[in-house]
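Chemist: Below are the structure tokens for one structure; questions will follow.
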Amino acid sequence: QVQLVESGGGLVQTGGSLRLSCAASGYTYSSYSMGWFRQAPGKEREAVASISRGGAVTYYTNSVKGRFTISRDNAKSTLYLQMNSLKPEDTAVYYCAASEVALATLTSRFNYWGQGTQVTVSS
């Protein structure tokens, strides 16, 4: 069965860095675009970044541009999110997701979801 397992979350101070990973299995990883989403308490889930099947095209929400980098290793079926210069407003549960759409950004366009990893940025 399809599995997406996130790791790398934790507690970090403002200005710090974290690298999230998402290990995929149970489907043809390279045939799906991938995305990172986050959901803070009391807020809707939002798209953070997306990456095309081959990794050449990326999308970032405005609030993380220049600070976060999404990447993928199709040989390892793994998705990454490098997060630098973290801010308290980045605190959320971060989810990875897979989409059959070429470069999806809408939650509804994603077929598979992980369970999430908590990122907490202290001020």
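The values are calculated or read from the model by the stated rules, or taken from the named source; none is laboratory data. What you are looking at is a predicted structure, and each value in this text was computed from that prediction instead of being measured. Cβ sites come from the backbone with ideal geometry, for glycine too, and all protein chains shown count toward neighbours. These area figures cover heavy atoms from the full protein model, side chains too; ligands, DNA and RNA do not enter into them. Shrake-Rupley method; radii C 1.70, N 1.55, O 1.52, S 1.80 Å.
Chemist: Please determine whether any residue of segment 52-63 is within 24 Å of Q1 (Cβ to Cβ) and in contact (Cβ under 8 Å) with a residue 24 or more places away in the chain.
Modeler: Yes, that holds for at least one residue.
Chemist: Looking only at strands (runs of 3 or more DSSP E) that lie completely in segment 13-62, which have at least 2 residues being surrounded by 14 or more Cβ atoms within 10 Å (Cβ to Cβ) and among the basic types (K, R)?
Modeler: Details: elements: 18-25, 33-39, 46-51, 58-60.
Of the strands (runs of 3 or more DSSP E) lying wholly inside segment 13-62, none has at least 2 residues that are surrounded by 14 or more Cβ atoms within 10 Å (Cβ to Cβ) and among the basic types (K, R).
Chemist: Pull out all pairs, ordered by first then second residue, where Cβ-Cβ is under 6 Å, the residues are six or more apart or on different chains, the first lies in segment 100-114 and is closer than 10 Å to A47 by Cβ, and the second is open to solvent by 70 Å² or more (accessible area, probe 1.4 Å) and of a type outside the set (D, E, K, R).
Modeler: Cβ pairs passing all conditions: T105/Y59.
Chemist: Within segment 73-123, can you find the residues that are within 12 Å of the chain's Cα centre (by Cα) and among the hydrophobic types (A, V, I, L, M, F, W, C)?
Modeler: L79, L81, M83, A92, V93, C96, A97, A98, W113, V119
Chemist: Quick one: which residue in T69, T14, T61 is touching a helix residue (DSSP H, G or I) at 6+ places or on another chain (Cβ under 8 Å) and of a type in the set (S, T, Y)? Lay out the reasoning, then the answer.
Modeler: Numbers: T69 fails: touching a helix residue (DSSP H, G or I) at 6+ places or on another chain (Cβ under 8 Å); T61 fails: touching a helix residue (DSSP H, G or I) at 6+ places or on another chain (Cβ under 8 Å).
When all the criteria are applied, what remains is T14.
Chemist: Which one of the conditions (1) open to solvent by 50 Å² or more (accessible area, probe 1.4 Å); (2) more than 16 Å from G116 (Cβ to Cβ); (3) modelled with pLDDT of 95 or more does A102 fail to meet, given that it meets all the rest?
Modeler: (3)
Chemist: Further question on the same structure: I'd like the residue in segment 58-79 that is among the aliphatic types (A, V, I, L, M) and in contact with a strand residue (DSSP E or B) (Cβ under 7 Å, 6 or more places away or on another chain) and, out of all such residues, is farthest from N111 (Cα to Cα).
Modeler: V64
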